[in-house]
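The values are calculated or read from the model by the stated rules, or taken from the named source; none is laboratory data. Quick caveat: nothing in here was measured; it's all calculated off a predicted structure. Ideal geometry is used to build each Cβ from the backbone, glycine not excepted, and the neighbour counts take in all protein chains shown. Ligands, DNA and RNA are excluded from the accessible area calculation, which covers all protein heavy atoms including side chains. Shrake-Rupley method; radii C 1.70, N 1.55, O 1.52, S 1.80 Å.
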Amino acid sequence: MSFLIQQEIIEGNGLLLTINRPEVYNALCYPLLTELKELVFQLYHSNLRIMIITGAGTKAFCSGADLKERDSMNDDQVLQFIDTIRDTFQLIANLPFPVIAAINGVAFGGGLELALACDLRLASEQAMLGLTEVALGIIPGAGGTQRLARIIGPARAKELIFTAARFTAREGEKIGLINHVYKPEDLLPNALGLAERIAQHGPLAVRQAKTAINRGLNMSLDDALYWETSCYRQLINTADRREGLTAFKEKRLPQFQGK
Ligand SMILES: C/C=C/C(=O)SCCNC(=O)CCNC(=O)[C@H](O)C(C)(C)COP(=O)(O)OP(=O)(O)OC[C@H]1O[C@@H](n2cnc3c(N)ncnc32)[C@H](O)[C@@H]1OP(=O)(O)O
């Protein structure tokens, strides 16, 4: 059992991952990052229906790369860290099931980039967010320049990145970066509730919906419509699709088996 990343099974065949370095605002050191990459690679091949990522303690989701460790790194080690964090967050973004970021505190730099790699972002009203890297003479190196621009639009993303702005969860909600904002004590219960609401539906269908949206975004609308149909086609010959129709006829909730 790791101490850097805690795992907890949750209702509906889900997993709660907690970044566990509260003494340094859950900063990402290289050992934690390599452990996260290995764990996410294993989860890629699991039959999980949903995952939540959050931070230990009440102050931080994740304050980004560990700057003390970074100060001791040579140039090659910095590049190795960047290659690893980029690939790890892309693995998270490409997990076949939905991932919810429960942003329980500060999310700066790589911490916000971690949340950007998730599908849905819920935040505590006390959380402060920001891609603060240019204030350190660097740029977001874990996908932040690409994902933020795709989520909120290039003009707003440029302003936030160029100014290393630190902004509130409510401001993030206003620009479409954060799905919902809660009181600190209500964040995890609502994240668990959202996870349960997703996990009760056809797991194959939810997976196809994620891939339809994610990969369709990079296509022309014409191509993406055919891509959507090809995702739909994966579901036609499934027991879950039959179960959905049968449950409707029998006026009961469907019991999806992911087959
Ligand atoms: C590819 C990715 C790149 C990146 O992510 S670049 C890094 C981007 N992240 C940041 O710029 C955030 C850096 N941290 C801060 O700005 C502040 O910290 C906070 C706002 C998060 C908290 O400030 P306050 O409440 O005043 O507490 P405190 O004394 O600064 O921090 C408490 C302890 O936590 C350690 N800590 C916080 N963030 C990091 C970090 N990112 N890397 C390493 N340590 C961190 C501090 O050093 C200190 O520890 P000690 O008491 O031993 O001095």
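Highest-first packing order for the peptide set 160-166, 97-103 is 97-103, 160-166, based on the mean count of other beta carbon atoms within 10 Å. Phi-derived couplings, Karplus 6.51 cos²θ - 1.76 cosθ + 1.60 at θ = phi - 60°, listed residue by residue for segment 38-52: 5, 5, 5, 4, 5, 5, 4, 9, 8, 9, 4, 9, 6, 9, 10 Hz, with x used for Gly and Pro. Protein heavy-atom surface of the chain, 1.4 angstrom probe: 55% of the accessible area is carbon and sulfur, with nucleic acids and ligands not counted. Candidate cross-link partners of LYS158 among the lysines, defined by an alpha-carbon separation under 30 Å and a same-chain spacing of 8 or more, comprise LYS37, LYS59, LYS68, LYS174, LYS183, LYS210.
Couplings for segment 183-197, taken from phi via the Karplus curve 6.51 cos²θ - 1.76 cosθ + 1.60 with θ = phi - 60°, read 4, x, 6, 9, 4, 5, x, 6, 5, 5, x, 5, 4, 5, 5 Hz in order; Gly and Pro are left as x. Packing, taken as the mean count of other beta carbons within 10 Å per residue, orders the peptides 208-217, 110-119 from highest to lowest as 110-119, 208-217. For segment 5-199, the solvent-accessible area works out to 45 Å² per residue, with a probe of 1.4 Å and every protein chain left in place.
With the simple spin-label model, which puts each label point 7 Å out from Cα in the Cβ direction, the ARG86 to ILE213 separation comes to 2.6 nm.
With respect to the chain, whose longest principal axis is taken over its alpha-carbon atoms, helix 221-236 is tilted by about 60°. Pairing the Cα long axis of helix 75-93 with the longest principal axis of the chain, what angle in degrees results, from 0 to 90 and rounded to the nearest 10? So the inclination is approximately 20 degrees. The slack in the chain from ASN47 to MET73, taken as 0.36 nm per residue of separation less the alpha-carbon distance, amounts to 5.6 nm.
Quote the FRET efficiency, to the nearest 0.05, computed for LYS249 versus GLN6 with a Förster distance R0 of 35 Å and r equal to the Cβ-Cβ distance. Provide the component values of the computation, followed by the final result.
Numbers: r = 43 Å, r/R0 = 1.24.
Given R0 = 35 Å and the Cβ-Cβ separation, E is 0.20.
Considering only DSSP beta bridges with both partners in the chain, what is the antiparallel share in %, to the nearest 5? Working shown, then result.
On the way: 8 of 30 bridges.
About 25 percent, rounded to the nearest 5.
For the chain, the gyration tensor built on C-alpha atoms gives a prolate shape. Its axis ratio a/c (a ≥ b ≥ c) is at least 1.5, and a/b is the larger of a/b and b/c. The distance separating the Cα centre of segment 193-259 from that of segment 5-62 comes to 26 Å. Each of the peptides 72-85, 193-206 was scored by the mean count of other Cβ atoms within 10 Å over its residues; in descending order, highest first, they stand as 193-206, 72-85.
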